[in-house]
Amino acid sequence: LKGPQGALYGRNAIAGVINLTTKRPTKEFGADFKAGFSSGETSDLFAALSGPLGSDKVLARLTVKHHDTDGMIDNTFNGDPLDHDENTKATLRMLFEATEKLTFDLRGSYFKQDTGALWFSAADVLGTTGGRTTESMAKLKPSQNEPGFTDRKVKDVSLTAEYAADFGTFTSITA
């Protein structure tokens, strides 16, 4: 993008921005489902529904993704996995065409995560590793009575309103 990225995307965007956006809701009903399984007792599920709500002036897209893994590192103290991770994210995007010139784009998401923590750090926390995992460090076995964890919920909502005037487009972004 060219122009005042800092005004829209923050002060660190002064050199440019790669703007990734979610899929738009569609005017035809559509559904998608994906499932994956891998090592560490890992499963990933994804589902999406998209289509009009009553008329083609109001479109919606709902997605849900669930990730669950026992991880690959076991705690030698109690046998529980250290790097387990279970998270779910749901997103809803609604487009409303009020008039030919005025549109609204409402987006919301909810993210819930319950995860463990790795027993080492890639950063030089204690001033002993230089920020790298050394050969001797890689041979260590984790043994913690109460390892770290993360339990969080993140909610966000944004509304973009656009009005296409004859001489330009006015955009309001509220989040």
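The values are calculated or read from the model by the stated rules, or taken from the named source; none is laboratory data. Quick caveat, the model's predicted, so the values are computed rather than measured. With ideal geometry, Cβ positions are generated from the backbone for all residues, glycine too; neighbour counts draw on all protein chains shown. Each accessible area value is taken on the protein alone, full model and side chains, heavy atoms only, with ligands, DNA and RNA left out. Shrake-Rupley method; radii C 1.70, N 1.55, O 1.52, S 1.80 Å.
The set of residues in segment 62-79 being surrounded by fewer than 17 Cβ atoms within 10 Å (Cβ to Cβ), in a loop (DSSP other than H, G, I, E, B) and either at negative phi or in contact (Cβ under 8 Å) with a residue 12 or more places away in the chain (or both) consists of Met72, Thr76, Phe77, Asn78.
Close Cβ contacts (under 7 Å, 6 or more residues apart or on different chains) running from residues in segment 84-99 that are farther than 17 Å from Gly71 by Cβ and touching a residue at least 24 places away in the same chain (Cβ under 8 Å) to residues that are charged (D, E, K, R) and part of a loop (DSSP other than H, G, I, E, B) comprise Leu95/Arg24. Please go through segment 1-31 and pick out each residue that is closer than 19 Å to Ser158 by Cβ, open to solvent by 50 Å² or more (accessible area, probe 1.4 Å) and modelled with pLDDT of 85 or more. Once the filter is applied, which keeps residues that are closer than 19 Å to Ser158 by Cβ, open to solvent by 50 Å² or more (accessible area, probe 1.4 Å) and modelled with pLDDT of 85 or more, segment 1-31 yields Lys23, Arg24. Scanning segment 32-43 for residues that are open to solvent by 50 Å² or more (accessible area, probe 1.4 Å), assigned to a strand (DSSP E or B) and out of contact with any Phe, Trp or Tyr (no Cβ under 8 Å at 6 or more places or on another chain) yields Phe37, Ser38.
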